[in-house]
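The values are calculated or read from the model by the stated rules, or taken from the named source; none is laboratory data. Predicted model only: the values in this text are computed from it and were never measured. Here Cβ is always computed from backbone atoms with ideal geometry, including for glycine, and neighbour counts include all displayed protein chains. What goes into the accessible areas is simple: the full protein's heavy atoms, side chains included, and nothing from ligands, DNA or RNA. Shrake-Rupley method; radii C 1.70, N 1.55, O 1.52, S 1.80 Å.
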Amino acid sequence: MALKVEDLKLNVERDNRVSLLELSTGNNGIVLDVPDNIMLSTLGIRKGKMLHCRGHQLFGGPVVIKTGDRQIALHRRLAEKITIQPV
Amino acid sequence: MNKTILLMGAPNVGKSAIFNRLTGLNVRVANYTGTTVDFASGTMKLDSEIINLIDVPGTYSLCATCEAERVAVEMVCGKTGKDCPRTAPPVCCCDSGNVEVDLDKPPDLIVYVLDAGNFEGGLYLLLQLLELEAPLLVALNRSDLAREKGYFIDIEALSEQLNIPVVPTIAVSGDGLDHLREKILASLGSNEQKRTEKQQLKATWDNVEKIVDQVFFKREPPVNSNRDKWDQLLTRPWPGLPLAAVIMLVIFAGIVGIGMGLRQFLLLPLFRGLIIPPLVMLVSELLPPGIIQNIFIGEYGFLVKGLEWPFTLVLPYVLSFYTVLNLVEDSGYMPRLAILLDGLFNRIGLAGSGIIPLTLGYGCGIPAIMASRSLSSRKERLIVTILVCLAVPCISQTGAFIALLAARSAAVMISVFLFSWLVMITAGLIMNRFIKGEQLESMVEIPDLLLPRLDGIMKKLYLRLKLYITDGALPMIGAVAVAAVLYETGIMAALGRAISPLVTGWLRLPEEAAAPLVLGILRRELSVLPLIDLDLTTLQLFTGAIVGLFYVPCIAILATVAREFKPLFALFILLLTTGLAFIVGGVIARLGALFM
Ligand SMILES: Nc1nc2c(ncn2[C@@H]2O[C@H](COP(=O)(O)OP(=O)(O)OP(=O)(O)O)[C@@H](O)[C@H]2O)c(=O)[nH]1
Ligand SMILES: [Mg+2]
């Protein structure tokens with residue numbers, strides 16, 4: 001899948017922003033930056049959305065998150081490209 | 001000219017369920033994304049008017065991300081003669097797709113199916129369609145699930161906002177369908193729908209969120225059902241993975257156990273006791289002994305083996321397999337298994353959702369290869385197709401394995417399956433290295449767990465049974481008749497002698513074992529069944545079974561591969577499977593001889 005990844009402009013002042021991959025199970029975060037990918041948007045992973053991490057699968061498997069009441073499995077590489085602000 | 005209605009919506013919202021209700025047809029319905037992979041058309045009668053209805057694969061937006069979604073998108077975009085709005089760079093990956101749809105006229109109406117239990121999921125595409133000024137009507141389906149989850153959707157406000165009719169429905173029970181029919185008729189009647197009075201909503205996420213804010217309400221605190229507890233148990237690695245192993249074992253045991261029971265206590269007594277003897281008696285009265293009589297009731301007599309094999313050896317497992325598969329499919333467990341195994345599947349070049357076509361392959365390879373359309377890359381499609389052709393026995397062949405092996409040695413039977421998985425993993429690892437393709441970055445929505453409904457399961461089983469009779473049993477009877485002729489005329493023996501160096505010399509099987517190699521080209525189970533009556537050693541049984549497993553997938557599968565990909569690819573599969581069958585078979589015969 002060809003992803004057009006928006007350059008992640010890291011903002012040094014906000015040093016507690018992490019990638020979605022680093023959000024630990026049971027915690028929430030708000031999406032700050034997300035690759036421009038229509039699939040992600042339609043799955044509800046858009047700027048400003050609250051995500052809840054349901055868990056990480058083994059063997060390098062996906063991260064399972066919840067947005068609203070939708071449950072979504074995201075490949076690690078994708079999760080890494082999504083920047084969030086833990087809350 | 002009949003009017004045409006297109007059913008569209010996000011994946012897994014119940015489009016096919018509504019289609020079945022409206023047309024009385026029966027297309028596949030299952031609780032995961034990507035059940036429908038091609039369009040289906042049917043007709044319904046409304047007020048003495050015949051209307052065409054088209055069901056397409058679910059899609060989240062007008063930018064297709066896989067072959068299946070393309071089918072849907074081309075239906076609208078092609079028909080309205082407008083370019084797909086590219087709100088974002090297209091993530092389309094199926095550059096090689098060649099789905100051709102006859103697009104002579106735009107649909108007269110699009111019935112847009114929204115899932116009330118996952119309200120936001122379908123709104124973006126709905127707004128895109130509104131932007132295209134397609135004539136629309138919304139069916140707010142799965143409203144029973146929404147109620148259960150404590151959601152309330154203000155239908156009037158929604159209808160007002162969108163300026164189109166909205167009808168709540170429950171496709172599985174039929175509630176609201178009459179109302180939907182009325183609205184369809186009304187919408188078709190008031191053709192030139194004018195929406196000019198109102199400012200057209202643009203397809204933006206702001207608008208999606210505005211609609212959600214204004215019409216969607218949730219009871220607080222949310223009702224926490226058992227569903228969430230089950231979901232956690234099944235979806236987390238612990239205890240999800242051990243549970244998955246247990247579930248797989250139960251499924252396997254269930255299929256074999258129920259099948260054996262059906263055979264022993266129902267189908268075998270029925271056919272051996274009641275149906276075949278009178279037929280044999282009749283034929284022996286009518287026909288003088290000789291070649292002709294033998295073709296009917298001799299060794300391969302198609303009134304004997306031709307009935308016993310399809311109906312007492314294979315049918316029991318068809319019934320047990322599809323009962324279990326339907327339960328698993330409708331529950332929503334498949335996508336959960338897919339994410340549990342995703343990491344492992346990545347190593348053989350597949351996303352976890354590859355488990356769905358592979359599982360279907362244990363029923364029949366054709367739907368499996370079709371279902372691979374919902375995978376997001378060509379590489380994944382190729383890998384799944386090769387694996388299915390190579391080492392996934394269809395249910396007929398599994399029935400044959402059970403008949404051949406289970407009575408002699410359960411260990412051999414289990415070894416055959418273990419060996420097939422070993423080969424699939426090896427083949428997957430190799431293909432992952434050598435087939436070019438972009439990196440996997442899958443994202444999937446995990447659907448709600450649903451309690452399977454008995455009426456749905458029974459209906460699907462009945463359809464399977466009908467399909468098996470026409471597409472499985474009848475061809476099998478025909479193939480046995482061909483076998484009977486070859487056998488009785490001595491052609492089989494001649495063929496056997498011709499390939500005897502291969503059979504006796506290389507595979508170390510008796511000369512009669514040439515028969516399955518000849519017949520196996522026609523049908524997959526026939527590469528195994530003729531071995532039953534031979535007196536084979538355990539090693540020979542294993543060799544024969546393995547050769548049968550890898551040998552040519554049946555003609556129908558090759559035809560499907562040629563259609564879905566290229567004829568050349570089908571030829572490649574033919575050579576690969578046959579070649580591998582002989583190489584592996586010969587090696588097993590030799591290695592095995594060292595230990596036995
Ligand atoms: N509870 C409930 N379940 C429903 C309803 N309609 C459909 N389902 C279930 O939802 C699941 C999906 O239904 P499908 O008809 O296969 O959905 P689809 O929209 O055709 O899905 P794709 O072809 O994958 O895009 C199945 O398990 C159905 O039994 C409904 O009104 N209520
Ligand atoms: Mg469908």
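Data overview
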{"quantity": "Qualifying residue in segment B:466-481 (condition: open to solvent by 80 Å² or more (accessible area, probe 1.4 Å), over 30 Å from B:Gly586 (Cβ atoms) and outside any helix (DSSP H, G or I))", "calculated": "no"}
{"quantity": "Strands (runs of 3 or more DSSP E) within segment B:1-60 that include 2 or more residues away from ligand 1 (no atom under 13 Å from the Cβ) and either open to solvent by 30 Å² or more (accessible area, probe 1.4 Å) or within 14 Å of chain A (Cβ to nearest Cβ) (or both)", "calculated": "B:40-46, B:49-55"}
{"quantity": "Filtered residue count, segment B:1-14, keeping only those that are closer than 14 Å to B:Leu109 by Cβ and either polar (S, T, N, Q) or near ligand 2 (Cβ under 8 Å from one of its atoms) (or both)", "calculated": "2"}
{"quantity": "Answer from B:Gly456, B:Gly428, B:Gly437 - the residue that is small (Gly, Ala, Ser) and within 16 Å of ligand 1 (Cβ to nearest atom)", "calculated": "B:Gly456"}
{"quantity": "Condition check for B:Arg508: surrounded by fewer than 24 Cβ atoms within 10 Å (Cβ to Cβ) and at positive phi", "calculated": "yes"}
{"quantity": "Matching residues in segment B:422-436 - criterion: being open to solvent by less than 50 Å² (accessible area, probe 1.4 Å) and either in a loop (DSSP other than H, G, I, E, B) or facing chain A (nearest Cβ under 7 Å) (or both)", "calculated": "B:Ile435"}
{"quantity": "Matching residues in segment B:133-144 - criterion: being in contact (Cβ under 8 Å) with a residue 60 or more places away in the chain and either more than 14 Å from chain A (Cβ to nearest Cβ) or open to solvent by less than 10 Å² (accessible area, probe 1.4 Å) (or both)", "calculated": "B:Glu133, B:Ala139, B:Asn141"}
{"quantity": "Spans of strands (runs of 3 or more DSSP E) in segment A:10-87 with at least 2 residues more than 10 Å from every other protein chain (Cβ to nearest Cβ) and open to solvent by 10 Å² or more (accessible area, probe 1.4 Å)", "calculated": "A:28-33, A:50-56, A:83-86"}
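Yes/no matrix, rows are residues, columns are (1) surrounded by fewer than 15 Cβ atoms within 10 Å (Cβ to Cβ); (2) in contact (Cβ under 8 Å) with a residue 40 or more places away in the chain; (3) closer than 20 Å to A:Ile65 by Cα:
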{"site": "B:Val208", "(1), (2), (3)": "no, yes, no"}
{"site": "B:Lys229", "(1), (2), (3)": "yes, no, yes"}
{"site": "B:Leu234", "(1), (2), (3)": "no, yes, yes"}
{"site": "B:Pro239", "(1), (2), (3)": "yes, no, yes"}
{"site": "B:Leu243", "(1), (2), (3)": "no, no, no"}
{"site": "B:Phe252", "(1), (2), (3)": "yes, no, no"}
{"site": "B:Arg263", "(1), (2), (3)": "no, yes, no"}
{"site": "B:Phe271", "(1), (2), (3)": "no, yes, no"}
